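The values are calculated or read from the model by the stated rules, or taken from the named source; none is laboratory data. From a predicted model like this one, the values you see are computed outputs, not experimental measurements. Heads up, the Cβs are rebuilt from the backbone with ideal geometry, glycines too, and the neighbour counts pull from every protein chain shown.
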Amino acid sequence: MALVLVMAGVLWGIGAFMGTPRRMRWIMIAFLWVGVVVIHLTLPDNAPLRLSTGGSAAPWLLLGGFAVLVLAYRAVLSRLRARADDTAAIPQDAAPTGPFSATELDRYARHIVLRELGGTGQRRLKEAKVLVIGAGGLGSPVLLYLAAAGVGTIGVIDDDSVDNSNLQRQVIHTDDRIGMPKVFSAEAAMRAQNPFVTVRPYNRRLTADLASDLFAEYDLILDGTDDSATRYLVNATAVALGKPLISGALSQWEGQIALFDPARGGPCYQCIFPEAPAAGLAPSCAEAGVIGPLPGVVGSMMALEAIKLITGAGQDLRGRMLIHDALYAEHRTIRLHRRDDCPACAASRPVGVTTDDQPAA
Ligand SMILES: [Zn+2]
């Protein structure tokens, strides 16, 4: 018996010396054990090899059985430990971690790992209140992506109802919701996408008498309307309240997007478009047509710029306009300048900010 134990020790020592993994060394010793058991089961009782290895198979079988028991115990123990670790790593729904439940943390995990966002950025998104003007072509991706991204409170104002001819591009609405007010159709889609955000639908036209009170409840305004008068009203109200405005517009194959925020530098919408185009010079989508995925491109960019602005990630579009030419697959960015005689923002510009440049921030 001692001879076999010495052989096992020698095998272990040689394995250790040669850098063989522990697992392989145990396998070699298991082979030695199998060899000894085979000797005892096949050779006659008085064979010298049997006499020199203990004389009987019984102690070896006992030793093997004990080894199996130890291995089984270790396997069960490590499985239980792994399960305990898993439970500790994923907190349960009933015990939210900070402002987020475990399900929300998991939902926003791809945001939270981003260096520019992290947990702080995701919390800012949750605390943000964003108002979207229009639940049409641009509003569709804007609303869906803001909801998906976890923007905590999203208001949407529109007085239109879903029409069959909208569905070629307004992907937030569905065929079975034709005739439903767009804000309620959008609300249903957003709630289905992300039940963790608050949606406030306003089924009415934005008018001057309600704009100020409405805008005051939000941190950021996104304008995706195709109505010229509404655009000027949105701009004037945002300027008066000092709210940043992300504005998107479309025509046929081309889209543009800009951030207007004169309170923190840069021009306002009316600095760039001093006067509304004469009736008939700016045809609507219904008259001129618009390629279906284009609002998807521009609206997604608006949602992206909103997320950047809320979280402080990267460089925003203040003082610039991004133009997307879908027909030729080209992007370009132009600089925008303030107009000293702008009727909307010249009077309300903060003291000391007189240039086009962004404030040092
Ligand atoms: Zn202006």
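Here are a few things to note about the model shown:
- Test: residue in segment 17-29 that is modelled with pLDDT of 75 or more, surrounded by 14 or more Cβ atoms within 10 Å (Cβ to Cβ) and not in a helix (DSSP H, G or I): no
- Of the helices (runs of 4 or more DSSP H) lying entirely inside segment 230-331, those carrying at least 3 residues that are within 13 Å of the ligand (Cβ to nearest atom) are 269-272.
- The residues of segment 282-308 that are at pLDDT 95 or above and of a type in the set (G, A, S), listed by number, are G292, G296, G299, S300, A303, A306.
- Flag if L144 is in contact with a Leu (Cβ under 8 Å, 6 or more places away or on another chain) and either at negative phi or within 16 Å of the ligand (Cβ to nearest atom) (or both): no
- Subset tally (residues that are surrounded by fewer than 17 Cβ atoms within 10 Å (Cβ to Cβ) and at negative phi) for segment 95-123: 15
- Counting the residues of segment 207-237 that are under 25 Å from L125 (Cα atoms) and out of contact with any Cys (no Cβ under 8 Å at 6 or more places or on another chain) gives 17.
- Residue match in segment 125-146 (condition: of a type in the set (D, E, K, R), buried (at least 24 other Cβ atoms within 10 Å of the Cβ), more than 15 Å from the chain's Cα centre (by Cα) and closer than 25 Å to N235 by Cβ): no
- Residue match in segment 251-259 (condition: over 18 Å from G224 (Cα atoms), of a type in the set (F, W, Y) and surrounded by fewer than 17 Cβ atoms within 10 Å (Cβ to Cβ)): no
- Residue in segment 135-153 that is touching a helix residue (DSSP H, G or I) at 6+ places or on another chain (Cβ under 7 Å), without any contact (Cβ under 8 Å) to a residue 60 or more places away in the chain and β-branched (V, I, T) present: no
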